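Written out below as structure tokens is the structure these notes cover.
Every number in this text was worked out from the coordinates using simple rules, so none of it is lab data. Quantities reported herein were computed from a predicted structural model and do not represent experimental measurements. In this analysis, Cβ positions are derived from the backbone assuming ideal geometry, glycine residues included, and neighbour counts consider all displayed protein chains.
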Amino acid sequence: MATTFSKRDSRYWHQRIFKQTQANGQTDACWSMRLAIGGKRRQLSLDSGNKQTAAERAAAFYSSARDEGWDAAVSAFGTRRKPTPPPPASATVGAIIKIIEERGTHLRQSTKIRIYSALRVVAASAAGIEEYNTRATNEAKSARRNAIDKIDLASVTSDLVRRWQREFISVSDDDDLKAATKKRSADGTLSAFSRAWTAALAVHYADAGLVMPPNPSKGVKRFRLPTPRYKSDVDVGALLSDAKTELPPDGYKTIILAVQFGLRRAEIDRLRWSHIDLVAGRISVQSTEQGAVKTGASERVLAIAPGMIDVLTEWRAGVDDGFVIAPLAPLRKKKWSGYRADVAFEKVLKWLRGKGWDCHHPIHKNRKEFGSMIHQHFGVFETSEALGHRDIRVTASTYISSKRAIHLEMPE
């Protein structure tokens with residue numbers, strides 16, 4: 001004859017308590033019970049993963065509810081149905097980008113954009129999504145981006161990253177210069193890709209319930225080719241003469257500010273007349289409401305040569321304040337890439353490329369010309385300060401070129 005136990009006995013509940021399975025397939029860690037007394041039927045968590053402990057709690061709760069009522073039992077035991085926390089969210093490309101955009105306040109917007117681009121490029125290659133087509137319709141481009149943003153980074157393995165790297169650096173001919181450029185670009189993409197795994201961002205992923213997989217690019221060997229030194233091939237006098245006659249006023253001003261003062265494109269874009277003191281003969285490069293300077297060293301004061309005072313004075317005639325370049329271009333919050341004076345810059349880029357400047361950043365090449373000329377008359381330390389570099393090694397390795405012929409006379 002089978003032994004029966006009272007509901008006040010833990011042995012009765014030992015065979016009746018259970019672990020609830022949620023709709024998402026996850027099973028609760030704690031045991032639960034179902035109980036009906038006085039027309040009330042409830043399911044309750046017993047707050048224990050140990051079956052014997054949970055059975056004893058079930059028996060005690062039943063006795064209290066039977067003798068003193070539901071409310072007294074709940075008050076005494078504090079037992080209630082506890083929802084199972086949701087499982088960790090998938091670390092998709094889109095989810096990671098959203099977290100970085102919303103919480104990565106320590107990153108410059110340009111840095112964020114590089115991370116987003118690298119994540120999408122590598123993930124798309126890993127998932128076998130076709131390459132970006134500039135001629136595709138906006139709908140097709142949007143659909144492609146949405147597909148990439150749904151890719152779980154756990155599916156992007158080191159082998160797939162290596163495959164992307166091999167395909168990216170491949171060139172159709174034996175052009176060593178092109179191959180080296182590709183390798184440097186691949187290293188830059190992987191560096192930006194890896195920045196999504198920094199400790200500063202990991203805290204935000206955890207807060208959002210995202211579990212990042214290991215960085216798949218960590219075991220991928222980089223090429224780490226040295227950056228080639230700048231080699232000057234520009235006749236600055238001829239350049240300025242042509243710019244004055246062939247470019248619109250804003251284009252000519254852009255060339256002047258780049259080659260005569262070494263300003264970055266963003267610094268040219270944000271430069272206001274209030275930053276130029278024609279009496280003291282200096283230009284202040286500083287952060288503005290449109291954006292901060294690139295680094296702390298980028299905030300600097302540049303002297304204006306006497307000959308340039310007259311040029312700037314002529315530009316400012318009849319102007320109280322406002323932007324030096326494209327003064328009427330509308331202010332806008334820059335969430336993505338682009339400049340307030342984009343229209344003027346695009347004309348300059350097209351003009352420079354028409355002159356045979358086939359480098360990636362033609363306007364920036366003028367900044368290197370400025371650095372080379374400063375170095376010729378002063379020195380590398382003064383050049384680094386004028387360019388607003390944080391590290392003098394950057395100046396010496398990539399921003400200066402000898403403007404003088406170096407030779408020795410034959411001894412008699």
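Here are some notes:
- Using C-alpha pairs under 8 Å with a sequence gap of at least 6, the mean separation divided by the residue count of the chain gives a relative contact order of 12 percent.
- If R0 is taken as 45 Å, the Cβ-Cβ distance between HIS14 and LYS98 corresponds to a FRET efficiency of 0.45.
- Sequence of GLU289, GLU68 once ranked by neighbouring C-beta atoms within 10 Å, starting from the fewest: GLU289, GLU68
- Using every pair of distinct Cα positions in the stretch 185-319, the Kirkwood expression returns a hydrodynamic radius of 19.1 angstrom.
- C-alpha long axis of helix 138-149 to longest principal axis of the chain, angle in °: 60
- Angle between the chain longest axis and helix 249-261 axis [Cα atoms, degrees, rounded to 10]: 90
- Straight-distance candidates among the aspartates and glutamates for linking to LYS403, with alpha-carbon spacing under 13 Å and chain neighbours fewer than 8 residues away dropped: ASP233, ASP235, GLU369.
- Between ARG222 and ASP358, the simple label model (points 7 Å from Cα in the Cβ direction) yields a spacing of 2.9 nm.
- Taken over the Cα atoms of the chain, the convex hull encloses 284 Å³ per residue.
- Which of LEU239, LEU225, LEU387 has the fewest Cβ neighbours within 10 Å, and the rest in rising order: LEU225, LEU239, LEU387
- Across THR111, THR395, THR27, mean-square fluctuation computed from a Gaussian network of the chain (C-alpha pairs under 10 Å connected) peaks at THR27.
- Rounded to 5, percent antiparallel among DSSP beta bridges of the chain: 95
- FRET efficiency for the ILE392 to VAL203 pair, using the beta carbon distance and R₀ = 45 Å, is estimated at 0.85.
- Considering only alpha-carbon pairs that sit under 8 angstrom and 6 or more positions apart, the relative contact order computed for the stretch 232-298 is 16 percent.
- Once the Cα atoms are used to define both axes, helix 158-169 deviates from the longest principal axis of the chain by about 20 degrees.
- Spin-label model, LYS51/ASP233: points 7 Å from Cα along the beta carbon direction are separated by 8.0 nm.
- Divide the volume of the convex hull around the Cα atoms of the stretch 273-412 by the residue count and you get 181 Å³ per residue.
- 24 Å Cα-Cα threshold exceeded, pairs from LYS178/LYS221; LYS98/LYS365; LYS141/LYS365; LYS112/LYS294; LYS150/LYS183: LYS98/LYS365; LYS141/LYS365; LYS150/LYS183
- Zero-based 5 Å bins, Cα pair distances in the stretch 10-77, whole percents: 4, 18, 28, 24, 16, 7, 3, 0
- Spin-label model distance (nm) - SER402 vs GLU314, 7 Å beyond Cα toward Cβ: 3.6
- All aspartates and glutamates inside 19 Å of LYS40 as judged from Cα atoms, apart from same-chain residues fewer than 8 positions distant: ASP67, GLU68, ASP71
- In order along the stretch 97-104, the Karplus-derived 3J(HN,Hα) couplings, from 6.51 cos²θ - 1.76 cosθ + 1.60 at θ = phi - 60°, round to 4, 5, 5, 5, 5, 7, 10, x Hz, and Gly and Pro are given as x.
- The chain: calculated mean residue ellipticity at 222 nm from DSSP helix runs of at least 4, using -39500 (n - 2.57): -15000 deg cm²/dmol
- Using only the C-alpha atoms, the convex hull of the stretch 93-207 corresponds to 125 Å³ per residue.
- Length-normalised contact order of the stretch 93-207 in % [C-alpha pairs under 8 Å, at least 6 apart]: 39
- Exposure proxy ranking, count of Cβ atoms within 10 Å, fewest first, for TYR205, TYR399, TYR12: TYR12, TYR205, TYR399
- For the stretch 207-285, the spherically averaged projection of the C-alpha convex hull amounts to 11.7 nm².
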